[in-house]
Amino acid sequence: MDIQFSSTPQMFGVFHIAALAVIALGCIGAFFLLRRMNEARLLRLIWILGAVMLLLEVWKQVFSWVYVFDRRINLWFFPWQLCSMAMYCAFAVRFVKGERQNAALVFLSTFSFFAAIVALVIPSDMLRPYILLTVHGFLYHGLMIVLALAAMLTVHRREGVRFAPAARLFLGMAAVAELINVAAHSLLHDIHREPNMFYITPYYESTQPVLHEIAMAVGIPAEIVIYLTAIALISFGFFLAEKALMKNRR
C-alpha cells in the first residue's frame, strides 16, 4: 500500500505533465458522452460520482493516518477544503430540489471547476512520495472536472438559474472552514498538524503564491477577504462564460 516513487514527482515534471495530458483527454471524451445524456441521467451520474469520491476520501483518510502521519493526530487532510466540497455537493443533488439543487449544481460548475483547474496546474500538495496517494489526488480532481461538466450541462438546460445561491453556499462553507481552523488551533497549537481549510487560517500567512505576499503587505484578515472575493468573482466569470457558450450551442 505504501509503495513510493524513486523520487517525489516535481511540479511540471514528467509525471505532472503526463497526468495533466491524461486528465485533459479523459475530460474531453467525457464531455462528448455527457452532452448526449438527458437531465435525469446526468443527475444520477453526478450522485454516483459523489458517492465514489466520498469512498475515495475515506480511503485517503485511512491511508494518511497509517502511512503519512504514523497514526498520530494530524488534521492537514481534514476533508473540508474547497476541493472537498465537490463530493458533498455531488452526493447531495439526489436529496435536494429546486433552488437548493441549482445552488449545488452551479457550485460544481463554477467554484469546483475553478478549484480543480488550479489544483491540477499547481499541485504542490498533491505531489507526494506515495504513489497511491499522488494518483488519488489527480484522479479526484479529474473527477471534479467531469462533475463540473455534467453540472454545467444540467444547469444550462434550466431556466432562471442564478449564481447568488451558489455564492451564499460558498460563503457558508468558508465560514465552517474558518471555525474548523480556529477550533483545531485551540486544540493542537502546532502548525504542522493543524488544518488550513480553504487556506484561510487566521493564524499564519498563506503559503499560496501571491497570497502570501498580500498577507505580508496588508495583514491576514484583509488577505482572506481579498482571497475569498477573488474566488467568488472568478467563479461568477465562469458562470457567465458557461451561460454564453451553452446559449450559443443551443
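The values are calculated or read from the model by the stated rules, or taken from the named source; none is laboratory data. Bear in mind that the values here come from a model prediction, so they are computed numbers and not experimental data. Here Cβ is always computed from backbone atoms with ideal geometry, including for glycine, and neighbour counts include all displayed protein chains. Side chains are part of the model used for accessible areas, which takes the heavy atoms of the whole protein and leaves out ligands, DNA and RNA. Shrake-Rupley method; radii C 1.70, N 1.55, O 1.52, S 1.80 Å.
Listed values, structure above:
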item: Selected residue (only one of I131, I122 is among the aliphatic types (A, V, I, L, M), touching a strand residue (DSSP E or B) at 6+ places or on another chain (Cβ under 9 Å) and surrounded by fewer than 21 Cβ atoms within 10 Å (Cβ to Cβ)); result: I131
item: Residue within segment 103-117 that is buried (at least 17 other Cβ atoms within 10 Å of the Cβ), in contact with a Pro (Cβ under 6 Å, 6 or more places away or on another chain) and touching a residue at least 40 places away in the same chain (Cβ under 8 Å) present; result: yes
item: Boolean, I226 is modelled with pLDDT of 95 or more, crowded, with 17+ Cβ neighbours inside 10 Å and either not basic (K, R) or not in a loop (DSSP other than H, G, I, E, B) (or both); result: no
item: Those residues of segment 47-65 which are more than 22 Å from A92 (Cβ to Cβ) and open to solvent by less than 40 Å² (accessible area, probe 1.4 Å), in sequence order; result: F63, S64
item: Of all residues in segment 1-18 being in a helix (DSSP H, G or I) and over 14 Å from S124 (Cβ atoms), the one that is most open to solvent (accessible area, probe 1.4 Å); result: V14
item: Hits in segment 122-161 (condition: without any contact (Cβ under 8 Å) to a residue 40 or more places away in the chain and under 17 Å from F12 (Cα atoms)); result: D125, M126, V135, G137
item: For E242: the one exception among (1) within 18 Å of S109 (Cβ to Cβ); (2) open to solvent by less than 40 Å² (accessible area, probe 1.4 Å); (3) under 17 Å from the mean Cα position of the chain (by Cα); (4) not β-branched (V, I, T); result: (3)
item: Evaluation of M173 against (1) in contact with an Asp or Glu (Cβ under 6 Å, 6 or more places away or on another chain); (2) open to solvent by less than 40 Å² (accessible area, probe 1.4 Å) (one fails), failing number; result: (1)
item: Set H185, H136: member being farther than 15 Å from E242 by Cβ, in contact with an Asp or Glu (Cβ under 7 Å, 6 or more places away or on another chain) and either assigned to a helix (DSSP H, G or I) or open to solvent by 50 Å² or more (accessible area, probe 1.4 Å) (or both); result: H185
item: Selection from segment 77-114 of residues that are in a helix (DSSP H, G or I) and out of contact with any helix residue (DSSP H, G or I) (no Cβ under 7 Å at 6 or more places or on another chain); result: Y88, G98, R100, Q101
item: Test: residue in segment 37-46 that is of a type in the set (V, I, T) and surrounded by fewer than 16 Cβ atoms within 10 Å (Cβ to Cβ); result: no
item: Residue ID - nearest to M1 (Cα to Cα), chosen from residues in segment 20-36 that are open to solvent by 60 Å² or more (accessible area, probe 1.4 Å) and assigned to a helix (DSSP H, G or I); result: V22
item: Residue count for segment 143-157, restricted to those that are part of a helix (DSSP H, G or I) and open to solvent by 10 Å² or more (accessible area, probe 1.4 Å); result: 5
item: Segment 104-153: number of residues that are under 15 Å from F238 (Cα atoms) and of a type in the set (V, I, T); result: 5
